[in-house]
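Note sheet for the following structure.
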Number of protein chains: 2
Amino acid sequence: MPSLSPSDVQSRLISVPDWVVESGELVRTFLFKDFRASMSFVNKLADLSEQAGHHPDIDIRYNKVRLALVTHDAGGLTTKDFDLAAGADKLV
Amino acid sequence: MPSLSPSDVQSRLISVPDWVVESGELVRTFLFKDFRASMSFVNKLADLSEQAGHHPDIDIRYNKVRLALVTHDAGGLTTKDFDLAAGADKLV
């Protein structure tokens, strides 16, 4: 799977407006009411990731969960990253 | 709860030899066979954290889970951090 061109990345970002590109990764920090709510989200995300065969970096900070997506094999962002970002958005 | 003195930290580190102090935090990276195994550990750790009322920073990188502990209220490491570190060690 080839990585997306910068202009393709820009157009696709429109469909996931809560995400930003940071150091070549697609990133969003989700805010929850407490740690349990963070864990509930992370578990739903884990199932989605296993189904997709694609795993974000997940940083849990009590009621905040930061996800960072990139397709290492492609050396950049691909449609897999944007698909998983859109899927994560639907979990909240 | 007061933070531990540097010499107390050094003595307590002997009881959790897989942990190191990095930037004032008690840190260990756990290695698992895959993402599912990482998630299984994180869920057990989450229960332990809720029981202890103390929550580490948790970074999931597919089959690696990095925990970082510090007692923010005390401005440093306390027995709560070492207790939770020892508890996390028992989960693997």
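The table below gives the values:
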read-out	value
Tally of residues being farther than 18 Å from B:Leu84 by Cβ and either more than 10 Å from chain A (Cβ to nearest Cβ) or in a helix (DSSP H, G or I) (or both) across the stretch B:24-37	6
Matching residues, the stretch A:59-92, being touching a His at 6+ places or on another chain (Cβ under 9 Å) and of a type in the set (Phe, Trp, Tyr)	A:Tyr62
Test: residue in the stretch B:58-71 that is surrounded by fewer than 18 Cβ atoms within 10 Å (Cβ to Cβ), β-branched (Val, Ile, Thr) and at pLDDT 95 or above	no
Among residues of the stretch B:77-86, those that are buried (at least 17 other Cβ atoms within 10 Å of the Cβ) and touching a residue at least 40 places away in the same chain (Cβ under 8 Å), counted	6
Any hit, the stretch A:71-91, residues being assigned to a strand (DSSP E or B) and within 14 Å of chain B (Cβ to nearest Cβ)	yes
Hits in the stretch B:22-42 (condition: loosely packed, with under 15 Cβ neighbours inside 10 Å and in contact (Cβ under 8 Å) with a residue 24 or more places away in the chain)	B:Glu22, B:Gly24, B:Thr29, B:Leu31, B:Lys33, B:Asp34
Residue list for the stretch B:46-63, restricted to those being assigned to a helix (DSSP H, G or I) and either more than 10 Å from chain A (Cβ to nearest Cβ) or of a type in the set (Val, Ile, Thr) (or both)	B:Leu48, B:Gln51, B:Ala52
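The values are calculated or read from the model by the stated rules, or taken from the named source; none is laboratory data. Quantities reported herein were computed from a predicted structural model and do not represent experimental measurements. All Cβ positions, glycine included, derive from the backbone under ideal geometry; neighbour counts span all protein chains shown.
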